[in-house]
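The values are calculated or read from the model by the stated rules, or taken from the named source; none is laboratory data. None of the values given here were measured: they were computed from a predicted structure. Don't worry about glycine lacking a Cβ; one is built from the backbone with ideal geometry, like all the others, and counts go over all protein chains shown.
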Amino acid sequence: NAGVTQTPKFRVLKTGQSMTLLCAQDMNHEYMYWYRQDPGMGLRLIHYSVGEGTTAKGEVPDGYNVSRLKKQNFLLGLESAAPSQTSVYFCASTHPGLYDISAQHFGDGTRLSIL
Amino acid sequence: GQQVMQIPQYQHVQEGEDFTTYCNSSTTLSNIQWYKQRPGGHPVFLIQLVKSGEVKKQKRLTFQFGEAKKNSSLHITATQTTDAGTYFCAGGRPYNAGNMLTFGGGTRLMVKP
């Protein structure tokens, strides 16, 4: 009964370093999302995917890349970390549907600090 | 682009008092969802509204979707300490490939026992 699992849970990076955040879901959901959450700003969509092998930009994609090689996994990469990318990152997944209940299921988040 | 504004940003209430948070979109929405996030936790889905003027209730929580499908509200009657957390509205756009949501900034509810 794992749902959406994010690794790592915490990470501290130095400016310029790179890293990959992993999101895995076991609900066979088609759609997956990466958000960042900053104080007072809600959740902002970075990138999303509507299926294996497809990705698209969200509201704040600059400085991030993503890949969805397998349906259950969605990876978020930071090529050259900057202090402005210090944030809490959430992955979410859902199934397609316009009028069905398409609730997004969130992971526990990754708290990332860039020094 | 689409913007979703939520007010108030913070609300302190005494246990037993009522609470309301309001959500307004700059564009017409296809649906609106509400989520709750406890401190240190992740957002958890509460409900989805789709129809113009729709009202749904979950025990002490009442959710409304405006007639023009551009605003929504969440009202909690007789708050309890377990209601504390941040409530987010999230709006979906019409013809939205990917079921993308635009989240409001959230209302943090603090309940004093």
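Here are a few things to note about the model shown:
- Inter-residue pairs, beta-carbon under 7 Å, first under 25 Å from A:Q17 (Cβ atoms) and in the range A:49-66, second among the small types (G, A, S) and in a loop (DSSP other than H, G, I, E, B), 6+ apart: A:G63/A:A82
- The residues of the range B:3-25 that are within 14 Å of another protein chain (Cβ to nearest Cβ) and not in a strand (DSSP E or B), listed by number, are B:Q3, B:P8, B:Q9.
- Residue pairs whose Cβ atoms lie under 6 Å apart, sitting 6 or more positions apart in sequence or on different chains, and linking a residue in the range B:93-113 that is closer than 17 Å to A:M32 by Cα and in contact (Cβ under 8 Å) with a residue 12 or more places away in the chain to a partner that is assigned to a loop (DSSP other than H, G, I, E, B) and of a type outside the set (S, T, N, Q), are B:F103/A:G42.
Rundown of residues vs (1) modelled with pLDDT of 95 or more; (2) buried (at least 17 other Cβ atoms within 10 Å of the Cβ); (3) not hydroxyl-bearing (S, T, Y), yes/no style:
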{"residue": "A:D62", "(1), (2), (3)": "yes, no, yes"}
{"residue": "A:R68", "(1), (2), (3)": "yes, yes, yes"}
{"residue": "A:S80", "(1), (2), (3)": "yes, no, no"}
{"residue": "A:Q85", "(1), (2), (3)": "yes, yes, yes"}
{"residue": "A:S93", "(1), (2), (3)": "yes, yes, no"}
{"residue": "A:G109", "(1), (2), (3)": "yes, yes, yes"}
{"residue": "A:S113", "(1), (2), (3)": "yes, no, no"}
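- Identity of the residue in the range B:71-113, modelled with pLDDT of 95 or more and charged (D, E, K, R), that ends up nearest to the chain's Cα centre (by Cα): B:R108
- Single match in B:T102, B:T79 (criterion: crowded, with 18+ Cβ neighbours inside 10 Å, of a type in the set (V, I, T) and within 14 Å of chain A (Cβ to nearest Cβ)): B:T102
- Complete set of residues in the range A:26-39 that are more than 18 Å from A:S113 (Cβ to Cβ) and at the interface with chain B (Cβ under 9 Å from one of its Cβ atoms): A:Y31, A:Y33
- Answer residue from the range B:28-39, given it is surrounded by fewer than 22 Cβ atoms within 10 Å (Cβ to Cβ) and among the polar types (S, T, N, Q) and is farthest from the other protein chains (Cβ to nearest Cβ) among those: B:T28
- A:D62 fulfils the conditions (1) more than 13 Å from every other protein chain (Cβ to nearest Cβ); (2) not in a loop (DSSP other than H, G, I, E, B) except for a single criterion, (2).
- Each residue in the range B:8-27 was checked for being in contact with a Gly (Cβ under 9 Å, 6 or more places away or on another chain) and surrounded by fewer than 17 Cβ atoms within 10 Å (Cβ to Cβ), and 3 of them qualify.
- Unique residue being assigned to a loop (DSSP other than H, G, I, E, B) and over 25 Å from B:F88 (Cβ atoms) when the list is A:G16, A:G40, A:G77: A:G16
- Strands (runs of 3 or more DSSP E) enclosed by the range B:27-113 - at least 3 residues per element that are hydrophobic (A, V, I, L, M, F, W, C): B:44-49, B:61-65, B:85-92, B:107-112
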